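The values are calculated or read from the model by the stated rules, or taken from the named source; none is laboratory data. Owing to the predicted nature of the structure, the values given are computational and were not obtained by experimental measurement. Don't worry about glycine lacking a Cβ; one is built from the backbone with ideal geometry, like all the others, and counts go over all protein chains shown.
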Amino acid sequence: MPNYCDYHMHSHHSFDAKHSIREMAEAAVQAGLSEICFTDHIDFEDPNWRDVPADLPAQRAEIEREQPSLQVKVLHGVEIGLSPNASFAAQSISYVRTAEPDFIIGSVHVVGTQNAYRPEYFAEREREEAYTQYIMEIAAAVRTLPQLSVLGHYDFVTKRAPYSERAMRYADAPEAFDSVLRYLAENGKGMEVNTSAWLDDPAWGLDVLSRFVELGGEFVTFGSDAHVPERVGRRLLEAHALAKAAGVRYTATFRGLTPRFIHL
Ligand SMILES: [Zn+2]
Ligand SMILES: [Zn+2]
């Protein structure tokens, strides 16, 4: 893979992953990546997650220890769980401030009180309601964290969705999508092309990314959302092709939350 970056992965500093920085980074070298960013979880909203936020100083120390002998540049990032309740964003920012991350993904995992990864979320909802409510939750939550670099996985809700038509489409929630995409574009934020929700299905997202560009959006980052080494860098070639086809102009790398734009 030609000098690609994977800007979304988890190490054992996340409560739901168990591999070291070195194990994940060596997989990135194998995949031919030039740069990776660890985005370990902080989520103060989900009751199962709130007591186990990533220890960011420990993550940074491990990266600094391993970096000299790794053939890939490793960045220090975080994935913050977004909520319409702004107190969670405030708590997250105060938690990460001293850690000085390179990159912040803002992601919605919880809708109301239910994590959209769990079967209960789908038990009470038809597809239209499940998908629309998820995008509406992003629209309400994304504004609470102006520090975010990119919006993570707008299609997280599809991961465990039990519907035959699993792909997320712009047409599933056009008004809520416009609210999200316009906010990102107007505030110089990026979208993430996250390959994990595709599973083994055909890639999707051309419609959503095209609309982002139409509304003035300029850049995306790419992420496998790998929690295990085998997933690092997965389907990033397709993700790049998709972004280009949608007319996205740039991807970006980050240092200390400052983007450096790279032409796609
Ligand atoms: Zn996530
Ligand atoms: Zn993640």
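May I ask you to verify whether D155 is at positive phi, within 16 Å of ligand 1 (Cβ to nearest atom) and in contact (Cβ under 8 Å) with a residue 12 or more places away in the chain?
Numbers: at positive phi: no; within 16 Å of ligand 1 (Cβ to nearest atom): yes; in contact (Cβ under 8 Å) with a residue 12 or more places away in the chain: yes.
Here the answer is no, as D155 does not meet what is asked.
Among (1) farther than 30 Å from A31 by Cα; (2) at pLDDT 95 or above; (3) of a type in the set (D, E), where does E62 come up short?
(1)
Here are some conditions: (1) within 22 Å of L257 (Cβ to Cβ); (2) buried (at least 19 other Cβ atoms within 10 Å of the Cβ); (3) touching a residue at least 60 places away in the same chain (Cβ under 8 Å). E35 meets all but one. Which one does it not meet?
(2)
Return yes or no: is Y163 aromatic (F, W, Y), buried (at least 19 other Cβ atoms within 10 Å of the Cβ) and either within 13 Å of ligand 1 (Cβ to nearest atom) or assigned to a loop (DSSP other than H, G, I, E, B) (or both)?
Details: aromatic (F, W, Y): yes; buried (at least 19 other Cβ atoms within 10 Å of the Cβ): no; either within 13 Å of ligand 1 (Cβ to nearest atom) or assigned to a loop (DSSP other than H, G, I, E, B) (or both): yes.
So Y163 does not fit the description; no.
Only one residue in E124, E186, E175 is closer than 30 Å to P259 by Cα, free of Cβ contacts under 8 Å to residues at least 12 places away in the same chain and not basic (K, R). Which one? Show your work before the answer.
Working: E124 fails: closer than 30 Å to P259 by Cα; E186 fails: free of Cβ contacts under 8 Å to residues at least 12 places away in the same chain.
Sole residue among the options that is closer than 30 Å to P259 by Cα, free of Cβ contacts under 8 Å to residues at least 12 places away in the same chain and not basic (K, R): E175.
Determine whether the range 117-129 contains at least one residue that is within 16 Å of ligand 1 (Cβ to nearest atom) and either of a type in the set (S, T, N, Q) or farther than 30 Å from D55 by Cβ (or both). Walk me through it before giving the result.
First pass over the range 117-129, keeping only residues within 16 Å of ligand 1 (Cβ to nearest atom): 117-118, 121.
Within this subset, residues satisfying the condition of being either of a type in the set (S, T, N, Q) or farther than 30 Å from D55 by Cβ (or both) are none.
The answer is no; no qualifying residue exists.
With respect to T158, is the statement that it is closer than 20 Å to G106 by Cα, within 16 Å of ligand 2 (Cβ to nearest atom) and out of contact with any strand residue (DSSP E or B) (no Cβ under 9 Å at 6 or more places or on another chain) true?
Numbers: closer than 20 Å to G106 by Cα: yes; within 16 Å of ligand 2 (Cβ to nearest atom): yes; out of contact with any strand residue (DSSP E or B) (no Cβ under 9 Å at 6 or more places or on another chain): yes.
In short, yes.
Specify which of the listed residues (R97, R125, R118) is in contact with a Lys or Arg (Cβ under 9 Å, 6 or more places away or on another chain), basic (K, R) and on the phi < 0 side of the Ramachandran plot. Talk me through it step by step, then tell me what you get.
On the way: R97 fails: in contact with a Lys or Arg (Cβ under 9 Å, 6 or more places away or on another chain); R125 fails: in contact with a Lys or Arg (Cβ under 9 Å, 6 or more places away or on another chain).
The match here is R118.
Would you kindly identify the helices (runs of 4 or more DSSP H) lying entirely within the range 83-152 that contain at least 3 residues that are among the charged types (D, E, K, R)? Let's see the steps before the verdict.
Working: elements: 86-96, 119-123, 127-141.
Where helices (runs of 4 or more DSSP H) fall fully within the range 83-152 and carry at least 3 residues being among the charged types (D, E, K, R), they are 127-141.
Are any residues in the range 166-178 surrounded by fewer than 18 Cβ atoms within 10 Å (Cβ to Cβ) and not in a loop (DSSP other than H, G, I, E, B), and if so, which ones?
The answer is A171, P174, E175, D178.
Just to be sure I understand, how many residues within the range 220-257 are over 20 Å from S11 (Cα atoms), touching a residue at least 60 places away in the same chain (Cβ under 8 Å) and in a strand (DSSP E or B)?
Residues meeting the conditions: 3.
Here is a yes/no grid of residues against (1) farther than 22 Å from L184 by Cα; (2) crowded, with 22+ Cβ neighbours inside 10 Å; (3) within 16 Å of ligand 2 (Cβ to nearest atom); (4) basic (K, R):
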{"residue": "D43", "(1), (2), (3), (4)": "no, yes, yes, no"}
{"residue": "R50", "(1), (2), (3), (4)": "yes, no, no, yes"}
{"residue": "Q59", "(1), (2), (3), (4)": "yes, yes, yes, no"}
{"residue": "S69", "(1), (2), (3), (4)": "yes, no, no, no"}
{"residue": "G81", "(1), (2), (3), (4)": "no, yes, yes, no"}
{"residue": "A86", "(1), (2), (3), (4)": "no, no, no, no"}
{"residue": "A89", "(1), (2), (3), (4)": "no, yes, no, no"}
{"residue": "V108", "(1), (2), (3), (4)": "no, yes, yes, no"}
{"residue": "E128", "(1), (2), (3), (4)": "yes, no, no, no"}
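Of all residues being of a type in the set (D, E) and within 16 Å of ligand 1 (Cβ to nearest atom) in the range 34-72, which is nearest to S83 (Cα to Cα)? Just the residue, please.
Filtering the range 34-72 down to residues of a type in the set (D, E) leaves 35, 40, 43, 45-46, 51, 55, 62, 64, 66.
Subset that is within 16 Å of ligand 1 (Cβ to nearest atom): 40, 43, 45-46.
Numbers: D40: 17, D43: 9, E45: 7, D46: 10 Å.
Only one residue tops the list, namely E45.
Please verify whether R118 is touching a residue at least 40 places away in the same chain (Cβ under 8 Å), surrounded by fewer than 15 Cβ atoms within 10 Å (Cβ to Cβ) and not hydroxyl-bearing (S, T, Y), treating the condition exactly as stated.
Details: touching a residue at least 40 places away in the same chain (Cβ under 8 Å): yes; surrounded by fewer than 15 Cβ atoms within 10 Å (Cβ to Cβ): yes; not hydroxyl-bearing (S, T, Y): yes.
Spelling it out, R118 is indeed touching a residue at least 40 places away in the same chain (Cβ under 8 Å), surrounded by fewer than 15 Cβ atoms within 10 Å (Cβ to Cβ) and not hydroxyl-bearing (S, T, Y).
Any residue at all in the range 103-111 that is among the β-branched types (V, I, T), touching an Asp or Glu at 6+ places or on another chain (Cβ under 9 Å) and over 20 Å from F177 (Cβ atoms)? Spell out how you get there, then give the answer.
Narrowing the range 103-111 to residues among the β-branched types (V, I, T): 104-105, 108, 110-111.
Remaining after also requiring touching an Asp or Glu at 6+ places or on another chain (Cβ under 9 Å): 104-105, 108, 110-111.
Those still in the list that are over 20 Å from F177 (Cβ atoms) too: 104.
Yes, because at least one residue in the range 103-111 is among the β-branched types (V, I, T), touching an Asp or Glu at 6+ places or on another chain (Cβ under 9 Å) and over 20 Å from F177 (Cβ atoms).
Please find, among I42, I63, I21, the residue that is of a type in the set (A, V, I, L, M, F, W, C), touching a strand residue (DSSP E or B) at 6+ places or on another chain (Cβ under 9 Å) and under 28 Å from Q133 (Cα atoms). Give the steps one after another, and end with the answer.
On the way: I63 fails: under 28 Å from Q133 (Cα atoms); I21 fails: under 28 Å from Q133 (Cα atoms).
Of the residues listed, the single one that is of a type in the set (A, V, I, L, M, F, W, C), touching a strand residue (DSSP E or B) at 6+ places or on another chain (Cβ under 9 Å) and under 28 Å from Q133 (Cα atoms) is I42.
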